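Report on the following structure.
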Amino acid sequence: PFLRRHWTHFLETMKQYWLGSKLLWLEVKTSSSLLTRVLAGHDLTRRERKQLTRTSADLMRLVPFSIFLIVPFMELLLPVALAVFPGMLPSTFQDSTKREEKAKATLRAQLALAGFLG
């Protein structure tokens, strides 16, 4: 049971990383076309600008993350690094529970600010 449970968790995590990689690739393709439009002198909508910024930040986060995958046996230290630096993973690699926790924390901060100002 112990080994089976951890193996299942490992497979689910690897599936999530695979899907995150595919999603990141799609976002890079979309953002490259947006960047081409910007370089041609067109304006971006707020949504497009936000996506371009997020994808650029994700690509910058991918550099230290990829070191963990390239260096042999360093992936064993990845959970420790994520505990110390929780923002190290690109946004496409985060699961929905982490996104929900971040959204709740942002909402709590906005409500506290609204209560302070009002």
Some residue of the stretch 6-25 being out of contact with any helix residue (DSSP H, G or I) (no Cβ under 8 Å at 6 or more places or on another chain), at pLDDT 90 or above and part of a helix (DSSP H, G or I): yes
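This table checks each residue for (1) within 17 Å of Ser91 (Cα to Cα); (2) surrounded by 11 or more Cβ atoms within 10 Å (Cβ to Cβ); (3) without any contact (Cβ under 8 Å) to a residue 12 or more places away in the chain.
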residue: Ser32; (1), (2), (3): no, yes, yes
residue: Arg37; (1), (2), (3): no, yes, yes
residue: Asp43; (1), (2), (3): no, no, yes
residue: Lys50; (1), (2), (3): yes, yes, yes
residue: Ile70; (1), (2), (3): no, no, yes
residue: Leu77; (1), (2), (3): no, yes, yes
Checking Arg61 against (1) of a type in the set (Lys, Arg); (2) more than 14 Å from Thr13 (Cβ to Cβ); (3) open to solvent by 100 Å² or more (accessible area, probe 1.4 Å), the condition it does not meet: (3)
Pairs, first under 17 Å from Met14 (Cβ atoms) and open to solvent by less than 70 Å² (accessible area, probe 1.4 Å) in the stretch 87-107, second among the aromatic types (Phe, Trp, Tyr) and modelled with pLDDT of 75 or more, C-beta under 7 Å, six or more apart: Leu89/Phe65; Pro90/Phe65; Phe93/Tyr17
Criterion violated by Phe116 - all others in (1) closer than 21 Å to His9 by Cα; (2) open to solvent by 90 Å² or more (accessible area, probe 1.4 Å) satisfied: (1)
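The values are calculated or read from the model by the stated rules, or taken from the named source; none is laboratory data. Everything quoted here is computed from the prediction, not taken from an experiment. As a convention, Cβ positions derive from the backbone with ideal geometry for all residues, glycine included, and neighbour counts pool all protein chains shown. We work out accessible area using only protein heavy atoms, side chains counted, and drop any ligands, DNA or RNA first. Shrake-Rupley method; radii C 1.70, N 1.55, O 1.52, S 1.80 Å.
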